[in-house]
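One structure is given below, encoded as structure tokens.
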Amino acid sequence: MLHGQMYVNGHWMDTEKKKKVLNPATLEVLGTVPSGGGEEAKQAVDGAAEAFPEWAARTVYDRHEYLMKWHHLIRAHIDELAKLITLESGKPLQEARGEVQYANDYIAWYAEEAKRIYGETIPPSSSGKTLMVRKEPVGVVAAITPWNFPAAMITRKIAPALAAGCTVVLKPAEQTPFTALKLIQLAEQAGIPQGVVNVLTGEAKDIAKVWQQDARVRKVTFTGSIEVGKQLMKDAADTMKKLSLELGGQAPFIVSKHADIDKAVEGAIQSKFRNGGQVCIAANRFYVQEERMEAFTEALLSKVSELTCGNGMEEGVDIGPLINEQIYEKVMNHIADAKEKGATILTGGTTQEDGPGYMVKPTVLTNATDDMLCMQEETFGPVIAMTSFQTLEEAVRRANNTSYGLAAYAFTEQLDEAFYLAENLEYGIVGLNDGRPSAAQVPFGGYKESGIGREGGHYGIQDFLEIKYISFATS
Ligand code: ADP
């Protein structure tokens, strides 16, 4: 049994009341964490606000050093972190290791990017003036993160915040607190000063309410559901906080008649089955040009038949359990709804019965229609829903006919088609012949209701900076 503690203003804290954390593969209690609430949330902001001026005043070279120390410690603890990720999120161990590396890429990238927080001088329209722009950290940042990437969603927010000179209060998902606590323990070990990072576990609503009402918190950065994202946006209005929201996706995956079928199948497997489909950029709706439907389906089914479901701690498992009953019910409901409306299940569609966890066999269904739930909502499970199209214009129109706009995928070997697709898909991320577009150095974020702002790359640090314009009358 694991027993976590919260880290508030440089102190590890407990509460009498605890929250249980389950292992989704076994449904056994993995451990407990404190059930923090409003009081602790305020203490964390006190610590972060007190630490802010000194942290902001450090040179970027100083902050670079702290971040790199943290990066090296994470690298030294990769096995421990990966194991925690698998135990609390269910994803296969190999994938969890990949996540730790990906998470750590953000820290190294922003350690470097700290050195490039450039200002500007602007030519004046009359002599005797010097016009300058400088960048300043926004202040205390509240970060709220989800369970599907227990490490990467944290570092993608905290690393640019710290690099920019902000201090942070973090609330990780209740399903995956242990990875977060370990990461913050390593940040402490790296010598990051008291109050600069704080992590709370407990009641999301109570904690978020206090942070939202506190005017010292100048920015909220959130990854999670559209529903909670909208609520946070409303609540942030009272004190006009800056917001970054990375919300849901419902990614279309277009296979042109000019696609390389092997590449498209590989992209489909990468994009759909990573973390059992519990990824906000996971492909959800597959539009395949009529002429290639048969060839794509055959090649896809052959690859899907090689995938194994099971406990992610076991060697050779490709797909772990879904995180909880709620997601399981949603996935099964999408399958049942598709069946009822005329889809044909080609493989899967049922529960994997040999474990207590919520496991759904990798599923491929065809004859999907645009009115099915799996074509309209984020499934967040290992389900490929396919439909055919005749022209690329039709595919793009159907792909864009949604309130989501996070990621889209398109496969073709023809240059004109590639450009047409990339330019016309209304999505923040387009994977062109690529099922895995994520990386620390690129902008990640959505159009429409999929969010606001961009994380990653040089874009990702700008959201943690204020722009100050200084007009200096020199004569
Ligand atoms: P998911 O469906 O991925 O669990 P949520 O949006 O429910 O998405 O959760 C993402 C994060 O938001 C988690 O850390 C969760 O605890 C937190 N959260 C959930 N409800 C609220 C809320 N009302 N206010 C603030 N944070 C919340």
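All of the numbers you see were taken from the coordinates with simple rules; none came from a lab. This structure is a prediction, so every number in the text was calculated from the model and none was measured. Ideal geometry is used to build each Cβ from the backbone, glycine not excepted, and the neighbour counts take in all protein chains shown.
Let me spell out the model: positive unit charges on the Cβ of Lys and Arg, negative unit charges on the Cβ of Asp and Glu, origin at the Cα centre of segment 1-159. What dipole size does that give, in debye rounded to 20?
Numbers: 19 positive and 20 negative charges, 70 e Å.
Roughly 340 debye, rounded to the nearest 20.
Give the percent of DSSP beta bridges with both residues in the chain that are antiparallel, rounded to the nearest 5. Each step should come with its number before you reach the end.
Working: 29 of 71 bridges.
The antiparallel proportion sits near 40 percent.
Any chance you could list the semi-axes, whole Å, largest first, of the equivalent ellipsoid that the Cα gyration tensor gives for segment 366-475, using √(5λ)?
36, 17, 14
Show me, for segment 122-136, the HN-Hα J-couplings you get by feeding each phi into the Karplus relation (A = 6.51, B = -1.76, C = 1.60, θ = phi - 60°), rounded to Hz, glycine and proline as x.
Result, ordered by residue: 10, x, x, 8, 9, 6, x, 9, 10, 10, 10, 10, 10, 9, 10 Hz.
Among 451-459, 86-94, how do they line up from the highest to the lowest mean number of other beta-carbon atoms within 10 Å?
Values: 451-459: 19.8, 86-94: 26.0.
Result, highest mean first: 86-94, 451-459.
If packing is taken as the average count of other Cβ atoms within 10 Å, what order do 279-289, 183-193 fall into, highest mean first? Could the numbers behind the result be given before it?
On the way: 279-289: 25.6, 183-193: 19.2.
Going from most to least packed, we get 279-289, 183-193.
For Gln94 and Lys18, compute 0.36 nm times the residue count separating them, minus their Cα-Cα distance, and round to one decimal in nm.
That works out to 24.3 nm of additional length.
Positive end of the charge dipole of the chain (Lys, Arg +1 and Asp, Glu -1 on Cβ, about the Cα centre): tell me which of Met386, His77, Tyr409 has its Cα farthest that way.
Result: His77.
Rg and Dmax of segment 119-202 over Cα atoms: what are they, in angstrom?
In Å, with Rg to one decimal and Dmax whole: 17.9, 60.
Using the Cα centre as the reference, give the magnitude of the dipole from point charges on the C-beta atoms of segment 319-475 (Lys, Arg: +1; Asp, Glu: -1; all else neutral), rounded to the nearest 20 debye.
220
May I have the convex hull volume per residue, in Å³, for the Cα set of segment 4-124? Walk me through the intermediate numbers first.
Numbers: hull volume 19.6 nm³, N = 121.
So the per-residue Cα hull volume is 162 Å³.
Let me check the size of segment 138-294 from its C-alpha atoms; what are the radius of gyration and Dmax in Å?
Looking at segment 138-294, its Cα Rg and Dmax stand at 19.1, 62 Å.
When the convex hull of the C-alpha atoms of segment 250-353 is computed, what volume per residue in Å³ does it have? If you can, show how the numbers build up before the last one.
Working: hull volume 11.7 nm³, N = 104.
Convex hull of Cα atoms, per residue: 113 Å³.
Please compute, over every Cα-Cα pair in the chain, the percentage with a separation greater than 37 angstrom.
Working: 32237 of 112575 pairs.
For the chain, the fraction of Cα-Cα distances above 37 Å is 29 percent.
Placing unit charges on C-beta atoms (Lys and Arg positive, Asp and Glu negative, everything else neutral), compute the dipole magnitude of the chain about its Cα centre in debye, rounded to 20. Display every interim value, and only then the final one.
Working: 47 positive and 62 negative charges, 312 e Å.
The calculation lands at about 1500 debye.
Give the peptides 334-342, 422-430, 349-357, 36-44 in descending order of average Cβ contacts within 10 Å, highest first.
On the way: 334-342: 17.0, 422-430: 19.0, 349-357: 15.2, 36-44: 21.7.
The most tightly packed comes first, giving 36-44, 422-430, 334-342, 349-357.
Using θ = phi - 60° and the Karplus curve 6.51 cos²θ - 1.76 cosθ + 1.60, what whole-Hz ³J(HN,Hα) does each residue of segment 162-174 get, with Gly and Pro shown as x?
Karplus values, whole Hz, x for Gly and Pro: 5, 4, 6, x, 7, 10, 10, 10, 10, 10, x, 5, 5.
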